[in-house]
Amino acid sequence: MRIRSDSLAFRVILYSSLWAIVAIVLLGWLLIGLYRNDSARGFATLQEAQLFNLVGAVSVNDAGELQGTPNLGNTAFLQPLSGWYWRVAPVEGISGGALVSPSLGSEEIDRPPLSELPYDQQFSRHWIGPGPGGGQIRALETEIDLGDGRIARFQVVGNQTEFETTVQDFARQVGLMLLALGIGMVLINAGILLAGLRPLDHARQALAAIRNGDAASLEGDFPSEIQPLVNEMNALIDNNRRIVERARTQVGNLAHSLKTPLSVLVNEAGSKSGPSAAIVEEQTRAMDYQIQHYLKRARIAAQRESIIFRTDVRPVAEKLVSVMRKLNRDKELDFSMSAQKLVFSGEKEDLEEILGNLLENAGKWARRRISLAIEPFPGENERRWIRLTVEDDGPGIASEMRDEALKRGKRLDETVPGTGLGLAIVAETASAYGGGVELGESATGGLKVEITLPAAGH
């Protein structure tokens, strides 16, 4: 099934895919946010537990100095500049220096002033900033009275860069999984929609088969949602066929009913002498021509957009070429057709009349060579056309006389037998089908006639 940008399938797949993408992006954002918040809470809880252990492991000895060997259960506190540190510093009533983790060594932990970040109600505070070894750290700090007014500052520092890296790794993994899920959802969704819309494509193909003359009605099994439409289309096709057939019958009846009175008038005028009889005969023949002419135009106009009349071009062209070769044995007639199958959107008799007149006209004027080429011709609004090109090596028609050659009743040369109506009939018939005629000069200097006729289908 071919998907076009203006098709229903494309729109449904596009909108459903966009919704799936938005939903997956929101899901990813939610999952990563939940993971980050949960990890941050776990990080903060871990630091609080480490700070509690640190406070419990440090005391003041008899000399008034800090003492203790804290073990916070993480070997990273033993690795230099690992991003995990602890520090206990005297604040008031304590002599001596501070206790620090092996990972911190002689480095200092930058801490914001209390004026910018005061302690909270639990007399603790935390911040995120640059660490001694580079990268980001998360520090938790509190001040504790160890007894007798001896106050110490306790600090526990965790590696914020490591935390961010963990969150980014999780986000990357979630992104890859959701990307695979999204691609799978879009493909599966497209497959399901195309499978569900396949009956519509089947209906389109059935309509194309009718338009190309390969079928007379919509046939096949269709879903219950489409079957009423199929039934209405078949009813419309049958009704169109009945209307066309009734119109053809009425046209035939009219022509037949007028034929006899006109023949009587012609015969009666022919049996009389004098200018009045000649005028009656002339006008009666003109009346017969006008009736036939307009009846034919009405018939073509009625079936021009019909889906009933379809004619395969190749058999008609091959038959007429064969006849012309027998009638013009002294001339070469080349025939070429670029497509295996071209279908004319009209009646066989009209195509025979057009091709017959073109080849007959070329046979009268050609010296030694005639060529007929038939090819598909693209038109506007995706309408397909057929182009017939007939060329000869005769004297041709001067450019200023070509418009006159297409007018009925205009003969440019009386030395060649015939009525001189061939090109005019071709032009009228092609125009009735919405096509056209162009006269030009062939490569050999003769006449080149190009006819465009509607092809079956759009």
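The values are calculated or read from the model by the stated rules, or taken from the named source; none is laboratory data. Since this is a predicted model, take the numbers as computed values, not measurements. We place every Cβ from the backbone using ideal geometry, glycine too, and count neighbours over all the protein chains shown. Remember, those area values only see protein heavy atoms, side chains included, never the ligands or the DNA or RNA. Shrake-Rupley method; radii C 1.70, N 1.55, O 1.52, S 1.80 Å.
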Full extension from residue 76 to residue 49: what is 0.36 nm times the residue separation minus their Cα-Cα distance, to one decimal in nm? 8.1 nm
With the dipole of the chain worked out from charges on the C-beta (+1 for Lys and Arg, -1 for Asp and Glu) around the Cα centre, which of 77, 66, 197 lies farthest toward the positive end? 197
Quick check: residue separation of residue 205 and residue 153 times 0.36 nm, minus the Cα distance between them. What number comes out in nm? 10.3 nm
Evaluate the charge dipole of the range 1-72 about its Cα centre and quote only its size in Debye, nearest 20, assuming +1 on the Cβ of each Lys and Arg and -1 on the Cβ of each Asp and Glu. 880 debye
The number of Lys pairs in the chain whose alpha carbons lie under 15 Å apart, excluding pairs fewer than 8 residues apart on one chain, is 6
Distance in nm between pseudo-label sites at residue 257 and residue 323 (7 Å out along the Cβ direction from Cα): 3.2 nm
Taking a temperature of 20 °C and a viscosity of 1.002 mPa s, what whole-number D in µm²/s does Stokes-Einstein yield for the range 319-408 with Rh from Kirkwood over alpha carbon pairs? 147 µm²/s
Tell me which DSSP H helices of the chain clear both cut-offs, 30 Å or more of axial length from alpha-carbon atoms and a mean Kyte-Doolittle hydropathy of at least 1.0. 8-57
If you project the alpha carbons of the chain onto the principal axes, what extent comes out on each, in Å, largest first? 159, 53, 38
Descending packing, highest mean Cβ count within 10 Å first, for 124-131, 447-454 is 447-454, 124-131
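When the dipole is taken about the Cα centre of the chain, and only Lys, Arg (+1) and Asp, Glu (-1) are charged at their Cβ, what size is it in debye, to the nearest 20?
So the dipole magnitude of the chain works out to roughly 2620 debye.
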A chain fully extended from residue 12 to residue 170 at 0.36 nm per residue, minus the present Cα-Cα distance, gains in nm 53.6 nm
Among 434, 132, 291, whose Cα projects farthest towards the positive end of the dipole of the chain, with charges put on the beta-carbon of Lys, Arg (+1) and Asp, Glu (-1)? 291
Can you tell me the Rg and Dmax of the range 20-60, counting just the alpha carbons, in angstroms? 18.0, 63
Return the long-range amide H neighbours of residue 129 (sequence gap of 5 or more, or a different chain), with a cut-off of under 5 Å between placed amide H atoms. 137, 139
For residue 342, list long-range residues whose amide hydrogen, built 1.01 Å from N in the peptide plane, is under 5 Å from its own amide hydrogen. 313, 314
Summed over the other residues with a beta carbon less than 14 angstrom from that of residue 72, with K and R at +1 and D and E at -1, the charge totals 0
If you roll a 1.4 angstrom probe over the protein chains with everything in place, what fraction of the accessible area of the range 1-118 belongs to carbon and sulfur, to the nearest %? 59 percent
Note to self, the chain gives a 222 nm [θ] from helices alone (DSSP H runs n ≥ 4, -39500 (n - 2.57) apiece, / all residues, nearest 500) of -17500 deg cm²/dmol
Highest mean first, what order results for 325-332, 231-238 on Cβ atoms within 10 Å? 231-238, 325-332
Cα radius of gyration and Dmax for the range 1-122 (Å): 26.8, 91
Under a 1.4 Å probe, what is the accessible area of the chain per residue, stated in Å²? 57 Å²
Label point 7 Å out from residue 122 along Cα-to-Cβ: which residues of the range 29-54 have amide N under 19 Å? 37-54
List the residues whose amide H sits under 5 Å from the amide H of residue 377, counting only those 5 or more places along or on another chain, with H placed 1.01 Å from N in the peptide plane. 385, 386, 387
What is the calculated FRET efficiency for residue 368 to residue 400, with r their C-beta to C-beta distance and R₀ = 25 Å, to the nearest 0.05? 0.40
Given charges at Cβ of Lys, Arg, Asp, Glu: the chain dipole, positive-most of 21, 263, 39: 263
Could you order peptides 92-103, 15-26 by the average number of other Cβ atoms within 10 Å of their residues, highest first? 92-103, 15-26
